[in-house]
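We did not get these values from a lab; they are worked out from the coordinates using the rules stated. Values in this document were obtained by computation on a predicted structure and should not be read as measured data. So basically every Cβ, Gly included, is an ideal-geometry build from the backbone, and we count neighbours across all protein chains shown.
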Amino acid sequence: MINLLVTSSVQAKVMTAQFLQALSFAAYKHRHQRRKDAAKTPYINHPIAVANILLNEADITDEAVLIAALLHDTVEDTDTTFDEIEQYFGRVIRNIVDEVSDDKSLPKAARKQAQIDHAAGLSDRAKLVKLADKIANLRDTRTSPPEDWPTARIDEYLEWGKAVIDQIRGTHGQLEGLFDRAYAQGKAERPD
C-alpha cells in the first residue's frame, strides 16, 4: 500500500491544490493503464510511489519536483502533451517532465541508451525525479516483476537502471542510498 499521508507540518505545506490537481490529472490520464506485474496493478500506483519516495523517504518538499513526479509518465505513456502540462502546471513543471520523458519516436534500445547518455545533463530537479523513478521501478521489479520477464531480462533491467543512476551520482545521497539498496536487493535475489 502506498502511504502519502501528511505526517508533519512541513509535509502539509506541499499538499496544495496544485499537488492534488496533479494527482487527479495523472490518475485520469493513466486510468486505463495497468502495470506489467501479475496483479495488473493500476498504473497510477507508480507515479504515486515516485512522489512518495521523494516526500516520505528523502524528505524532498520542493513542490515542483513532487508534482513532476506525479506527472512524469503522462506525456510518455498517454495522450498528454507538453503544452497541456504547461497550461495546467506551468513551464517549470513542464520542463522537468520534458527532461525525464523518453522520445517515443526512437526505437526502445535507442531510448534506453539516451537515458544513460543524457542523465548527467539533467537539471537537479529532474535528477531527483529520475532517481525516485528508478528506485520505484527496481523495487517493483524485485517484488512484482512483469509476468513475461525471465531472470535475464530482470538482470538486464537492474544493470541498465544502475548505468543511468551512475551518471547522476552526487545529486542526493539519501536517494542514491535508497537506489543502491534496491539494486543490491535485486541482485541478491537473482540466481547466479
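Using 0.36 nm per residue and subtracting the Cα-Cα separation, the extra length available between Glu86 and Asp180 on full extension is 30.5 nm. Dipole of the chain (Lys/Arg Cβ +1, Asp/Glu Cβ -1, origin at the Cα centre): which of Thr143, Gln33, Ile93 lies farthest to the positive side? Projecting each Cα onto the dipole axis, the largest value belongs to Thr143. Within the set (i) 15.9, 50; (ii) 18.6, 60; (iii) 20.8, 79, the number that Rg and Dmax of the Cα atoms in Å takes when calculated for this structure is listed as (i). For the range 36-98, the convex hull spanned by the alpha carbon atoms encloses 84 Å³ per residue. Here the calculated FRET efficiency for Glu189 and Glu147, from their Cβ-Cβ distance with R0 = 22 Å, stands at 0.80, rounded to the nearest 0.05. With q set to 0.14, 0.22, 0.23, 0.26 Å⁻¹, the log10 of I(q)/I(0) for the range 139-192, from the Debye formula over equal scatterers at the Cα positions, is -0.37, -0.83, -0.89, -1.06. In plain terms, the bigger the Kirkwood radius, the slower the diffusion; for the range 103-192, with that radius from Cα pairs, at 37 °C and 0.692 mPa s, Stokes-Einstein puts D at 242 µm²/s. The alpha-carbon of Lys36 sits under 29 angstrom from the alpha-carbons of these lysines, leaving out residues fewer than 8 places away in its chain: Lys104, Lys108, Lys112, Lys127, Lys130, Lys134, Lys162, Lys187.
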